[in-house]
1. Report the charge-dipole magnitude of the range 207-319 in Debye, nearest 20, computed about the Cα centre from +1 at each Lys and Arg Cβ and -1 at each Asp and Glu Cβ.
2. Among DSSP bridges having both ends in the range 207-319, what percentage is antiparallel? Round to the nearest 5.
3. Projecting each Cα onto the charge dipole of the range 130-189 (Lys/Arg +1, Asp/Glu -1 at the beta carbon, about the Cα centre), which of VAL156, GLY166, PHE182 comes out farthest on the positive side?
4. What do you get for the angle between helix 172-188 and the principal long axis of the chain? Use alpha-carbon atoms, 0 to 90 degrees, nearest ten.
5. Over the C-alpha atoms of the range 207-319, what are the Rg and the largest Cα-to-Cα span, Dmax, in Å?
6. Using the scaling law 2.2 N^0.38 Å as the reference, what is the normalised Cα Rg of the chain?
7. Report relative contact order for the chain in percent, whole number only (criteria: Cα-Cα under 8 Å, sequence separation at least 6).
8. Helix 303-323 versus the longest principal axis of the chain: what angle, 0 to 90°, nearest 10, using Cα atoms?
Amino acid sequence: MKEKVSVTDTGIQSSGLPRDYMEAVAEYIWNGFDAAASIIDITFETNEIDTIHSLSITDNGTGIDYDQLKETFGNFNDSIKKATFQKTSSVIKGSKGRGRFSFSAFSGKALWKTVYKDQTTGKLNAYEITITKNSKDYFDPHDKRELSKGNTGTIVTFTDLFDVTGFSFQSDEFKTFLEREFGWFLMLNREKEYQIRINGVVLPYQQLIAETDIGTLPLKDAEGKEHFFKITFVRWSERIGDKFFFYFLNSHQKELFKDLTSFNNNAIGFYHSVYVESRYFDAFNPQDNELSQNLFERTRQHGVFKMLMNHLHELVRLRQKAFVDGEAAEKLVDNYEKNGIIPKLQDGRKKKALLKVVKSLYCIEPRLFQGLNKEQQRINVGLLGILLEAGMKEDIVELISHIVPLSDEDRKLLR
């Protein structure tokens, strides 16, 4: 028997559904992870001319409880999935129940086959749900039955496909999209061996990660209670977003909110993210910015959170410094030499001294080298070379000190 969704088909279509097949597929993968799945399988078959007739996404999650259908499939504007996993852009997955209608970007019909454990009887039940592109405001649950054995999970199969071929789901573009979308989540759950597989082949994500570090930070509140924070720092090998954030997750790995880090200067290539997981955020209200104490929820004004933020900003500062001092400075000098920015010097010692000063200045303040064309780069480096040639290294230090504040460590680095 068909059930009515709480809004019209037109209302669903105009609610902001994905228009791209890759984003649509991502919605169903997130739905699987949101149902506690650890493995997601994308499967399809093509013929000799690359035609694809159907595509299935299978997960080993908890299934879709039949008794909650009206809250999940039927109530569009108040989906039960209000707080779910989030991608790099932090768009809430399953927001207002839209995710299940995403198939309309590339398919005319979606069929769910799901197995779940009944909360009352403890027995396995199975049933199917059908939704069509032209009547998205109706869903058809049918064939409900009890199973004597099996595992929970869901298979959603898409048919009547359009604007896609087999290549669409095998292309590097599609795989790269999934790697960027899910790489951070797979990394956080690598000990649990979470996987996404395309026709049996595991989707890799490790190549996106230049370096990672995981640590635990204990902090005590005013009452002496200790809170533990699992902090995962990631430096990406390529840009995965326009901005860089601290992501705060509760004990269920649900992202509650995010804050910009202090180092959002893309020009030096320091692409990073920091994920903070803790039970502390199970009762946390990031929107409450009042100075008064909240008796029921922790807020940004809580002493522990302030200590945490100080630690996180210092963590990223030290990581950026290490990156600039090492890889970034070496890369700058290499590029300058390849592009003829470094003047030709016969004396090897003088060239080595010039390169040392350039690297040291870059480590102290990278912005001195950003936004310059080649002519400006040659002038800057040339002037440094002239001053060194004239034995005026101390004058370089004083000159730079008038542009940026120099610590004793910075002055020592330049000498």
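Read-outs: derived from the displayed coordinates by stated rules, not from any lab. The shown structure was predicted, so the numbers you read here are calculated from the model rather than taken from an experiment. All Cβ positions, even for glycine, are placed from backbone atoms using ideal geometry, and neighbour counts span all protein chains on display.
1. Here the range 207-319 has a charge dipole of around 180 debye.
2. Expressed as a percentage, antiparallel bridges in the range 207-319 total about 80.
3. VAL156
4. That works out to roughly 90 degrees.
5. Final numbers for Rg and Dmax: 14.6, 46 Å.
6. 1.26
7. 12 percent
8. 60 degrees
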